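The structure under discussion appears below in the form of structure tokens.
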């Protein structure tokens with residue numbers, strides 16, 4: 001997912017590859033430009049053929065950078081390399097998120113009326 005300013009939400013904290021039982025997530029961090037103290041992923045890949053769709057990476061992510069709510073499943077591939085999604089491919093999917101946030105501010109537990 002992207003932040004409002006267009007940058008990737010991921011800060012390369014390594015929580016998702018640590019919790020992943022299938023070991024399908026690869027992250028290589030780098031320093032963010034412009035003197036920021038944040039990190040970001042230089043390489044972020046998910047091997048869709050190894051992923052067991054458990055959702056633990058989504059739960060572990062403190063930045064809401066990974067979501068599984070696009071409704072798009074991995075397409076069939078003829079080559080294994082085509083099933084490894086890089087950062088750009090994943091960000092392209094992230095634009096189609098259908099998730100909604102429950103509330104804003106201190107009243108986040110209150111239901112939002114449709």
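The values are calculated or read from the model by the stated rules, or taken from the named source; none is laboratory data. Just so we're clear, the structure is a prediction, and the values are computed from it rather than from any experiment. Reconstructed Cβ throughout: ideal geometry from the backbone, glycine too, with neighbour counts over all protein chains shown.
Observations, loosely collected:
- Some residue of the stretch 28-38 being at pLDDT 95 or above, loosely packed, with under 15 Cβ neighbours inside 10 Å and under 15 Å from the mean Cα position of the chain (by Cα): yes
- Only residues that are surrounded by 11 or more Cβ atoms within 10 Å (Cβ to Cβ) and either more than 12 Å from residue 63 (Cα to Cα) or over 11 Å from the mean Cα position of the chain (by Cα) (or both) were counted in the stretch 1-14, giving 4.
- Taking the stretch 1-17 as the range and being in contact with a strand residue (DSSP E or B) (Cβ under 9 Å, 6 or more places away or on another chain) and either closer than 21 Å to residue 70 by Cα or touching a residue at least 40 places away in the same chain (Cβ under 8 Å) (or both) as the test, the residues that pass are 1, 2, 7, 8, 9, 10, 11, 13, 16, 17.
- Single unsatisfied condition, residue 19 versus (1) closer than 22 Å to residue 75 by Cα; (2) at pLDDT 95 or above; (3) surrounded by 12 or more Cβ atoms within 10 Å (Cβ to Cβ): (1)
- Which numbered condition residue 24 misses (of (1) more than 23 Å from residue 82 (Cβ to Cβ); (2) modelled with pLDDT of 95 or more; (3) surrounded by 15 or more Cβ atoms within 10 Å (Cβ to Cβ)): (1)
- All positions within the stretch 88-114 that are loosely packed, with under 10 Cβ neighbours inside 10 Å and at pLDDT below 60: 98, 100, 101, 104, 105, 114
- Candidate set: the stretch 69-87, residues that are modelled with pLDDT of 85 or more and surrounded by 12 or more Cβ atoms within 10 Å (Cβ to Cβ); chosen: the one farthest from residue 5 (Cα to Cα): 77
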